[in-house]
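Read-outs throughout are calculated quantities, based only on the coordinates presented, and are distinct from any laboratory measurement. From a predicted model like this one, the values you see are computed outputs, not experimental measurements. For neighbour counting, all protein chains shown are included, and Cβ atoms are generated from backbone atoms with ideal geometry for every residue, glycine included.
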Amino acid sequence: MLEVKPLSDYLINEKPYYLPVADEVELYQAACSERLPLMLKGPTGCGKTRFVEYMAWRMKRPLITVSCHEDLFAADLVGRYLLTGDETVWMDGPLTQAVRGGAICYLDEVVEARKDTTVVIHPLADDRRLLPIDKRGEVVRAHPDFQLVISYNPGYQSVLKDLKQSTRQRFVALEFDYPEAPGESKIVAQESQIELELATRLVHLAGKIRQIREQGLAEGAGTRLLIYAGQLIRRGIEPARACKIAIAQPLTDDPGLLLTLDEIISDIFL
């Protein structure tokens, strides 16, 4: 028999490390109290997902996360009929499970999903708070504790992958960016378990890289990549080498840009 995971399996039991940078915690709580859907905007690796995890832990709410992609169909969110043995049974998708049970449903990088898929969230993201399930002829009214949260990176999306106004204007938006250098250094030191001085150098490197985006670099170095570099350094990898494989190589394949990044890394770590 096919079974859906109980919502208790989606509770976050250990406190995620998150360093607030402004009033985002209070804004999230206010939006949640008013049952408003939330849109988190910001560059890759700046802490959007960690923030949602922290808030789910803080509010003791189950968190169901869906990583969106171009092959994500509406049925992947809502559910579908499946064959099991000699019978056909309905299996709720992650969105439906969150709606019924009062969990947070977090659609990460929502613009990567198919346009016809994102339409299913529209009646959930306004005052109706309804989820139509056409295949079952059912309309599910959202549990009072249900919250819809989406995220996307407006910095590199093409016009074809931007959010439609019909979707955007159903959400209140929190804008995220990389933390200020002292705070980001604390985050990198904590998450990668390295000395603060070394974390500060990694953040300084990221600052230099973020300044050259106008030269063709699609994205700056996110905090996540700095943590990866710190973890490699903690394992004994030489700092410059760790930065090249954890920061420079993931950012670009362009030989000219890689040469520029290598020079910046060498200036700081050699």
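A few comments on the model shown:
- CD proxy at 222 nm, helix term only [per DSSP H run n ≥ 4: -39500 (n - 2.57); per residue of the chain; nearest 500]: -11000 deg cm²/dmol
- For the residues 83, 107, 217, a GNM of the chain with alpha-carbon springs under 10 Å puts the largest fluctuation on 83.
- Label of the coordinate-derived value, volume of the Cα convex hull per residue in Å³, listed as (1) 163; (2) 154; (3) 134: (2)
- Over the chain, Cα pairs under 8 Å with separation of 6+ residues give a relative contact order of 20 percent.
- Given 60/186; 5/164; 15/115; 41/186; 60/208, the pairs whose alpha carbons are separated by over 31 Å: 5/164; 15/115; 60/208
- In this Cβ point-charge picture (+1 for Lys and Arg, -1 for Asp and Glu), the range 1-151 has a dipole of about 320 debye about its Cα centre.
- Listed residue (68, 207, 83) projecting farthest to the positive dipole end of the chain, Cβ model: 83
- The dipole here belongs to the range 58-124: it is taken about the Cα centre, uses +1 on the Cβ of Lys and Arg and -1 on the Cβ of Asp and Glu, and is about 500 debye.
- Within the listed set 25, 110, 188, the Gaussian network model of the chain (springs between alpha-carbon atoms below 10 Å) gives the highest mean-square fluctuation for 25.
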